[in-house]
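Remarks on the structure that follows.
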Amino acid sequence: MNTETTSLMPPEELNHISSLAARLLDELDKILLGQHEVHRLLLIGIFSRGHVLLEGLPGVGKTALVKALGKLMRLEFKRIQFTPDLLPSDILGGSILQVMPDGSRKMEFQPGAIFSNILLADEINRASPKTQSAMLEAMQEHAVTLLGETRPLPDPFFVLASQNPIELEGTYPIPEAQLDRFLFKINVSSVDADVLTQIIANRRRGEPPEPEWTLSAEELKEIFDAMDRIYLSESVANYIARIVAAGHPENPAAIPDVTRFVTYGPSPRAAIALAESSRAAALLAGRPAVGFEDVRSVAPAVLNHRLILNYQAKLDKITPALLSERLLEKVDPAGIDWPQGVNAGKA
Amino acid sequence: MNCDVTERTILNQARTTSSVPAIPGGALNAPVNAFYNGIRNRVFLREAAVFCAVVLFLAGGIVLVWRMAYPEWPCRAVVISAVGLAAAALAGALYRAIRLTPPKRKLMVWLDAHSECGGFLAASLSTDCSAWASRIRTPRTPELSMQFPAARVAALLISAVFFAAAFYVDPEQARRNGPGSLDVHEEQQELESKLEILEQEPLVPQEEIAAAKEALDELVQNSSGTTPAKAFEGIEVLRDLTDALAANAARALEHSAENFQRLSQAGSALASLPPDVPGRTKALEQLKQLAEQLAADDAALAEFLKQSGDNLAASMTPEQLQSLADAMAGNAQDLRERLEKLAQARRDQMQGGQGQDGGDTGLVNDSDYENSAEALQQWLEENAPGASELSDAAGQGQGNGTPGSGGISRGRGDALLNFTGETQDVGDKRRELMLDNNTPGQSVSILEFATSPGEETAERAKAGKLSGDGQAVEHAETRILPSHRESVRRYFNNSPGQP
């Protein structure tokens, strides 16, 4: 439901904003080849003001993606390579005793890498839980509190974290509770041969080209403002709620696969994330109202890290993506109790 | 990227949604209504099968009960009731279909989700989408399928067969077999057959037969009451009534037959004499007087004499007299045949009332009859030896105090009663002779002589006959009830191996 919006955005206004978003997506596609859906989901995450966890093998373009996004949006970009000996102060910053020109000494705050618009937390699972927790807390609060003083983070603030699914020895997997703070978990896969051919043939040492167009801060603010005016109907909100409810094994509405393979279902934060990201998807598609297809397009990325599977699922090689797909298959968008024996085919 | 192929497909579909052709917003109602009506109609069919099955069972039961309760069942009322029930069933099915069919709001949401309408249909339920009307895509009505459960089809077929079968049940048979009804069918048929036989007999008063039939119909209609004993009592009364009617008719026929027989025998005896025998004229006068006396209480004889006019006159030639005697004998034979028809109807009365029937019939003026008969007998003894049995024949109506001497069926009313089945002097035995195979009521009483028929003396054989020299067999025939002689003769003739 939409409490702020009572009518749909005018077509002209929405067309202008959606064209900005589409242009941004197109530019991103030009810089990094063959990753359109990752780009789309990443932009949806940005428009939703959410943090995104990218999971993929080394060298698939995670860092390049974040760099390109920073350039396109003219946002301050920083990168932290997480290691086991990384301390929270390395991320958040700290007060350092400085000698002033007059010879006096003063504790002066030196902001950490987190004070940026876009932070790439590379291989976040290699840092200690203490460091992970410090950063994840700042992600949630959009502020850093040191020595009793709270310092807000720049606006906008996005964390694009990455983690490697291999070489897990000596890593600290992010707890589920902290994973929940990421809006999306996107699996970044390798591109196919055609895309590789284009990369090799057209790009010297694989370096991406400079963007031909960038998004200004004002335009980004317009997009954020438009996000608040995307209409979420009660039916779609109910659809989102039923998807999340069906993902809980103890819920009566849970589908059989969830009951069998899921230990913990998605939190209410997942429903909020699903609604927000659906709005962004509708905006990117140029529509003033969230459609059911918008929900279906973002649901796998939202639920990917929020469905905690049991050992039975691991033995049966059931993945969260597969369960998300089954959830979308089983949950009827309209919530209709069909009369017995009546089946509606494809419209 | 690894968001799965399915996800990519969904995403691609979502991307194409934005480029759907623009359509007028007013066209949304048509597919939604078509979708709604399609579902409702299919649900209606499913529910109607159940409702119709129930109604057909009910209607079949009502038809059965109705037909059992009212043999002349009101077809129009049943048809109207059936139509009313069918209408109620269809209304119920429609009500259920409307209740079960999803509301149009949800169907619109469903169409939005499955036709990739971009959320416009869902949004239009709660907000103004007029600005985007040109971009709202008209959804296509989905194809609907319905699985019709075999159990419902079977229930519908069975109920339809039950309903149809209810019209073919014989209510009379069902009522007779019903727990609350009394089966008087056999008694009714028996009484009806008796009444039919009696109806054909002119001597039986037709108004009494009509009253008996009316009583029988009323009794059959009331036989399903709670007091079956009354029905059986009524049957017994009717049975006694028909038996009494049959007995009375049989007595009258028997009386007439014997009168005809006597007159025929006397006429034959007179005809056998030469015309110039002295006193013939007087004998003819006496014969005429005797016939008139007998006709006084014999309607059949009176009718015969009325039709024959003055034929019985003193101037009759022997041939004329023989012809008249033959006509009388023929009449006697006809009367016996009619009497035989009555045999079934009156059998119980006959068996139980032989003693009462014997002796004085009370139908003839005894003194006049005796005078005429004695005078005629005396003249015949003088002129026609061997024809002296007229007195014996005439005496059958009066008896002489000795059982059996007055005829096999006409013992005196003042004769001594014994229950040994034997006559006192000759030791003849009376026994039941079954006329056909073990059928009750198809029997006659005959006498078994103590001696064999071949050893019968001529004197014994003369008994009961106007002219003697009879054989033992003939004598046996005369000792059998006159009404049953033909039956006994036919029985023995048809069954030569039987004793």
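All of the numbers you see were taken from the coordinates with simple rules; none came from a lab. Everything numeric in this text was worked out from a predicted model, so none of it was measured. Note: ideal-geometry Cβ built from the backbone for every residue, glycine included; neighbour counts use all protein chains shown.
Under 5 Å between amide hydrogens, which residues at least 5 positions from A:ASN187 or on another chain qualify, with H placed 1.01 Å from N in the peptide plane?
HN-HN under 5 Å from A:ASN187: A:GLU55, B:ASN2.
Determine the sum of side-chain charges near B:PRO274: Lys and Arg each +1, Asp and Glu each -1, restricted to other residues whose C-beta is under 13 angstrom from that of B:PRO274. Intermediate values should be presented prior to the final figure.
On the way: positive: B:ARG280; negative: B:ASP276, B:GLU319.
Net charge around B:PRO274: -1.
Would you mind ranking A:GLU12, B:GLU258, A:GLU176 by Cβ crowding within 10 Å, fewest neighbours first?
The order, fewest Cβ neighbours first, is A:GLU12, A:GLU176, B:GLU258.
If you count, for every residue in B:97-108, the Cβ atoms of partner chains within 10 Å of its Cβ, what is the mean?
Details: counts 1, 0, 1, 5, 4, 8, 1, 0, 3, 7, 3, 2.
The per-residue average across the peptide is 3.
Cross-link partners among lysines for A:LYS62, C-alpha distance below 28 Å, same-chain residues fewer than 8 apart left out?
Filter leaves A:LYS30, A:LYS71, A:LYS78, A:LYS130, A:LYS185, A:LYS221, A:LYS314, A:LYS317.
Straight-line reach from B:LYS288: which lysines have a Cα under 20 Å away, not including same-chain ones fewer than 8 places off?
Answer for B:LYS288, where 20 Å is the Cα cut-off: B:LYS306, listed by chain and number.
Please report, in whole Å, how far the alpha carbons of chain A spread along each principal axis, starting with the longest.
Cα extents, longest axis first: 87, 50, 48 Å.
Using Cβ contacts closer than 10 Å as the measure, can you line up A:LYS130, B:LYS213 from fewest to most? Display every interim value, and only then the final one.
Details: A:LYS130 11, B:LYS213 16.
Arranged by neighbour count, lowest to highest, A:LYS130, B:LYS213 become A:LYS130, B:LYS213.
Can you give the net charge of the other residues whose Cβ lies under 12 Å from the Cβ of A:LEU160, counting K and R as +1 and D and E as -1? It would help to have the intermediate numbers written out before the result.
On the way: positive: A:LYS62, A:LYS67, A:LYS78, A:ARG79, A:LYS185; negative: A:GLU55, A:ASP122.
So the surrounding residues net to +3.
If you count, for every residue in B:131-144, the Cβ atoms of partner chains within 10 Å of its Cβ, what is the mean?
On the way: counts 8, 8, 0, 1, 4, 0, 0, 0, 1, 2, 3, 5, 5, 4.
Per residue, the average neighbour count from other chains is 3.
Could you state the number of Å between the C-alpha centres of the range B:101-122 and the range A:92-134?
52 Å
To make sure I understand, if each residue's beta carbon is the centre and we count other beta carbons within 10 Å, what order do A:HIS36, A:HIS51, B:HIS185 fall in, fewest to most? Mind showing how you got there, number by number?
On the way: A:HIS36 17, A:HIS51 21, B:HIS185 13.
Least to most surrounded, the residues fall as B:HIS185, A:HIS36, A:HIS51.
What is the sum of charges, Lys and Arg at +1 and Asp and Glu at -1, for the other residues whose Cβ falls under 12 Å from the Cβ of A:ASP180? Write out the running numbers ahead of the final one.
Values: positive: A:ARG181, A:LYS185, A:ARG269, A:ARG306; negative: A:GLU176.
So the environment of A:ASP180 carries a net charge of +3.
Could you work out the mean count of beta carbons from other protein chains within 10 Å of each residue's beta carbon in A:30-42?
Details: counts 0, 0, 0, 0, 1, 1, 4, 7, 3, 1, 5, 4, 0.
The mean count of partner-chain Cβ atoms within 10 Å per residue comes to 2.
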